[in-house]
Amino acid sequence: MSEKSSSSGSDEDVEPESGQPGELGGVLSKWTNYIHGWQDRWVVLKNNTLSYYKSEDEREYGCRGSLCLSKAVITPHEFDECRFDISVNDSVWYLRAEDPEHRLRWIESIELHRAESGYGSETSLRRHGSMLSLTSAASALSSASTSSFKKGHRLREKLAEMETFRDILCRQVDTLQKYFDTCADVSKDEFQRDREEEDEEEFPTRPEGEHNHNNNGSKEKLFSPASPKGMNGIDFKGEAITFKATTAGILSTLSHCIELMVKREDSWQKRLDKEMEKRRRIEDAYKSALNELKKKSHYGGPDYEEGPNSLINEDEFFDAVEAALDRQDKIEEQCQSDKVRIPRLTPVPPGDAFSTIGTHRFANKPRSYSSSQSSIELVSASDDIHRFSAQVEEMVQNHMTYSLQDVGGDANWQLVIEEGEMKVYRREVEENGIVLDPLKATHSVKGVTGHEVCHYFWDTAVRMDWETTIENFNVVETLSDNATIVYQTHKRVWPASQRDVLYLSAIRKILATNENDPDTWLVCNFSVDHDKAAPTNRCVRAKINVAMICQTLVSPPEGDKEISRDNILCKITYVANVNPGGWAPASVLRAVAKREYPKFLKRFTSYVQEKTAGKPILF
């Protein structure tokens, strides 16, 4: 998966003074649905909009979907370091980048576009003319309502009034203090004057002219009464009234402030209670929705597919896999019903006497082969030289040594299926929680030879005719006429992840050392590595070691009759050691293996019988 920015030149970038981020484009994996899973898509981030196209070449045909990022919520995945989700209301995009660095780059770019879209940024506050300052927008008060702002403004006004009242009261107190000081001085002067007058009455020594006569004949002092200093400009009654009004205003304002603070406390408490109730309802709704999802038969999001942190439990996983396999079986039955099928030959009676190829009188007769079947010649080790030859030889020797051993009496092997001539054995093995059960099946098929069975099992030209679990495959490299490296992807069975396999497939004929024993045909498929088929994030790479081992038994025909297909029987031993990788539950893997392996053997052998019916025998 690759990613690149489309803003490579000045023509693509936005002018700096506009403050708008540039365009970003690249390949991201987008979750499509539970059938197709993750698919690579060309994603473009431009003008606060995220759009995706099937590929970069199809941009001219229009996008397949887009999201406006103004109210988008970007959520990096908790466990997957490459994944992030973008949700707008009910629409959710699940995206995966190539690596954590690319994911970080995309998230930062999306957040930048979102911030510049008019929601949550300082420039947006300036554009929309918010009543709050930028300082308030950067703080927790950015979410305050207009009503709460007005309440705060009124409280500040009352506090300012308190400051004014305090200044007035201080001035009034100073004035009254001066008045009281003056009154005290006047009282002292009058007391001193009265004492002097009393002394004069006792000792009258007044000269003439000290007194003047008024019109009424009474005497008046020649000097006027002493006036208190500065008392003429003071209105004591007015000052007292003002002092009383000021103190009343202070008490009223204090009462109002206390009332406002109590209301503010009640308001915040109500808001807190409301938020707590809202959070509780959201948590209850989340739990309810989660429980409802768990009750459903299948789920559409990637969080419910196979994985280390999957939200689907083991029973639901098994039910979903079984339902998907049933649907595939119905599709296969419908396809087969459209074809004219040849009736299957009757099973081999237990009492039939079969011998090896070399024990009857027609064993050495020359045989004719059809042109389609003669493409595979007899194979020996000397004809098959390539860089994997040593590995192939080791695999062949191991299979000939261990795979043909009878496991009927081995306590480690369990007989899990027995249908007529077919028996399937399994030995339970787990490693690090992954099921690695070796499987071995034996079968007898009448009317076909070991060469024919191995030929159709090995030949990639007819692979899709009988293999129903493969989505696509291709030959990565042809090593020799009898060995190829094949890459194939299997059909996805949701919620299991899609699997792919890269393996070397070789066909070999093993000559019998005893003339009374039959020759053996063998096809071995085992996993290898190749530069042209490296593992991807789209599929889980499975490891396999599979062998199809066949021997042909011939019963002598009656009289001088030629050998017909009624006289031949193929004994098949099929062994499979598969490491599926991934995180599928062990019980599910074992149940699927028990169900699918017998179906595979019956389907494949029936196909070989149909293809060889009426054709010359290929020994």
Exercise for the section: With a 1.4 Å probe and all protein chains in place, put ARG538, ARG492, ARG64, ARG193 in order of accessible area, largest first. Expected result: ARG64, ARG538, ARG193, ARG492
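From the alpha carbon gyration tensor of the range 425-550, can you work out the equivalent ellipsoid semi-axes (sqrt of 5 times each eigenvalue) and give them in Å, largest to smallest? List each step's numbers first, then the result.
Details: eigenvalues 154, 72, 43 Å².
With the √(5λ) rule applied to the range 425-550, the semi-axes are 28, 19, 15 Å.
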Handout entry: For the range 435-494, the spread of Cα positions along each principal axis, largest first, Å
Key = 34, 33, 23
Exercise for the section: Could you list which residues have their amide H under 5 Å from that of ASP40, counting only those 5 or more apart in sequence or on another chain, with H placed in the peptide plane? Expected result: LYS30
Handout entry: Packing rank of 100-106, 583-589, 164-170, where each peptide gets the mean count of other beta carbons within 10 Å, highest leading
Key = 583-589, 100-106, 164-170
Completion exercise
Computed curve, the range 511-581, Cα-only Debye sum without solvent term, log₁₀ I(q)/I(0) at 0.21, 0.26 Å⁻¹, is -0.98, -1.17
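Stretched out fully, how many nm does the piece from GLU108 to ILE331 gain, at 0.36 nm a residue minus the Cα gap?
On the way: separation 223, 0.36 × 223 = 80.28 nm, distance 4.58 nm.
Net length gain for the segment: 75.7 nm.
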Fill in the blank from the handout: Too long for a 23 Å Cα-Cα cut-off, among LYS491/LYS532; LYS571/LYS599; LYS491/LYS615, are LYS491/LYS615
Practice task
Could I have the simple spin-label model distance between ASP99 and LEU159, label points 7 Å from Cα toward Cβ, reported in nm to one decimal?
Solution key: 5.5
Exercise for the section: Find how much the distance from LYS178 to GLU190 grows on full extension, using 0.36 nm per residue of separation minus their present alpha carbon separation; answer in nm with one decimal. Expected result: 2.5 nm
Practice task
Please give the contour-minus-distance gain from LYS287 to ILE258: 0.36 nm per residue of separation, less the Cα-Cα distance, rounded to one decimal in nm.
Solution key: 6.1 nm
Exercise for the section: Starting from the range 14-105, pick out the chymotrypsin sites (Phe, Trp or Tyr not before Pro) whose DSSP state is loop and whose Cβ has at most 12 other Cβ atoms within 10 Å. Expected result: PHE79
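The values are calculated or read from the model by the stated rules, or taken from the named source; none is laboratory data. What you see is a predicted model; the values in this text were computed from it and never measured. Don't worry about glycine lacking a Cβ; one is built from the backbone with ideal geometry, like all the others, and counts go over all protein chains shown. When the accessible area is computed, the model is the full protein with side chains, heavy atoms only, and any ligands, DNA or RNA have been set aside. Shrake-Rupley method; radii C 1.70, N 1.55, O 1.52, S 1.80 Å.
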